[in-house]
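The values are calculated or read from the model by the stated rules, or taken from the named source; none is laboratory data. Just so it is clear, the model here is predicted, and its values are computed rather than measured. These accessible areas exclude ligands, DNA and RNA; they are computed on the full protein's heavy atoms, side chains included. Shrake-Rupley method; radii C 1.70, N 1.55, O 1.52, S 1.80 Å.
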Amino acid sequence: MNIEQLFEKKQLLEQRIEAIKQDFRQGLDADSEERAVQLENAEVLNALMNQALNQLHDVNEQIIQLKSAQ
């Protein structure tokens with residue numbers, strides 16, 4: 001990947017992370033059945049957030065390596 005592609009990927013990951021944070025900010029529904037579904041979804045969102053954060057870390061490392069090689 002070249003540096004432009006890495007910056008594009010970084011931006012997409014940052015947008016994904018922000019969208020997940022927004023989902024968490026919405027809070028839980030008052031309805032107990034809906035709340036149960038939301039709690040199950042929260043586990044998935046946590047996994048997606050961790051994956052995106054790890055990928056973002058890797059992309060940032062690759063950008064640093066490319067910049068230092070120039």
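So, how do all the Cα-to-Cα distances of the chain break down into 5 Å bins, in percent, from 0 on up?
3, 16, 21, 17, 13, 9, 8, 6, 4, 2, 1, 0
Helix-derived [θ] at 222 nm for the chain: sum -39500 (n - 2.57) over DSSP H runs of at least 4, divide by residue count, nearest 500? Could you put the intermediate results ahead of the total?
Numbers: 2 runs with 61 residues, N = 70.
Roughly -31500 deg cm²/dmol at 222 nm, from the helical runs in the chain.
Step through the residues of the stretch 20-25 one at a time and calculate ³J(HN,Hα) from phi using the Karplus curve (6.51 cos²θ - 1.76 cosθ + 1.60, θ = phi - 60°), rounding each to whole Hz and writing x for Gly and Pro.
5, 4, 5, 4, 5, 5
How long is the gain from Glu14 to Asn46 if the chain were fully straight, where each residue apart is worth 0.36 nm and the alpha carbon distance is subtracted? Can you show the working numbers first?
On the way: separation 32, 0.36 × 32 = 11.52 nm, distance 1.50 nm.
Between Glu14 and Asn46, full extension yields an extra 10.0 nm.
At 1.4 Å probe size, with every protein chain present, just tell me what the per residue accessible area of the chain comes to in Å².
Normalised by residue count, the accessible surface of the chain is 77 Å².
Can you tell me the 0 to 90 degree angle between the C-alpha axis of helix 32-69 and the longest principal axis of the chain, rounded to 10?
For 32-69 against the chain, the angle is about 10 degrees.
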